[in-house]
Amino acid sequence: MSRESQPPPDERQQLYAELGNEVRANQRATDVVDELMTQLLGINRTDARCLDILDQHGSMSAGDLAEASRLTTGAITAVVDRLERAGLAGRVPDPKDRRRVLVELTPKAYAVATELMVEPMRRLYTPMAERYSDEQLRLIIEFTREGRELQERHAEWLRARLEERRAADA
């Protein structure tokens, strides 16, 4: 948007506020969906986050899963144990190095995800997404990606503040 086509400053601030409110409301709605999914699956939020990482990135070592989820390797061992007991993930030999073990989703995990998330959300999102041009969809993807990257940077900043607080309290 060129400067000439931008709304007046007051209107622009209003648009920023509205956008911020919608992003926050979207985060809360996602949080509710995540909580309901964990209840239906009988797992906790950390376990669900790890399932989501495995679903998005595929099988990985426990160490890689620990890094991606920002958990300790000890915590990941407990997560994988719980997910195995629930029948949602399993440990399998790495086909490239039989000495290594990978964590991967089970067919049950994929079936449950398809039933509870993929198919219902596809039915809801497809009619909405079809209203947008490819160019508009690329813009939405860019905005969403950059927003995620901002959140990740802010999380790092918050972690640093937390470490400073812990150091001051020690």
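No value in this document is a laboratory result; all are computed from the given coordinates. The structure presented is a predicted model; accordingly, all values stated were derived computationally and were not measured. Heads up, the Cβs are rebuilt from the backbone with ideal geometry, glycines too, and the neighbour counts pull from every protein chain shown.
Here are the numbers:
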quantity	calculated
P(r) of the chain over all Cα-Cα pairs, binned every 10 Å from zero, in whole percent	8, 25, 31, 23, 10, 3, 0
Inter-centroid distance (Cα atoms) of segment 5-78 relative to segment 130-145, Å	20
Cβ-based exposure ranking for LYS96, LYS108, in which fewest neighbours within 10 Å come first	LYS96, LYS108
Radius ratio Rg over Rh of segment 3-42, counting only Cα atoms, Kirkwood formula for Rh	1.37
THR106 long-range amide H proximity, modeled H, under 5 Å	ALA89, GLY90
Theoretical gain in end-to-end length, ARG148 to GLN136 [0.36 nm per residue, Cα-Cα removed]	2.5 nm
Relative contact order (%) - criterion: Cα under 8 Å, at least six apart; region: the chain	13
3J(HN,Hα) from dihedral phi, segment 107-114, Karplus parametrisation 6.51/-1.76/1.60, rounded to Hz, x for glycine, proline	x, 4, 4, 5, 5, 5, 4, 5
Among GLU67, GLU22, GLU35: highest mean-square fluctuation, GNM of the chain, C-alpha pairs under 10 Å	GLU22
Net length gained if the chain between ASP81 and TRP157 were fully extended (0.36 nm per residue, minus Cα distance)	24.2 nm
Calculated FRET efficiency for the pair THR73/ALA167, C-beta based, R₀ 22 Å, to 0.05	0.40
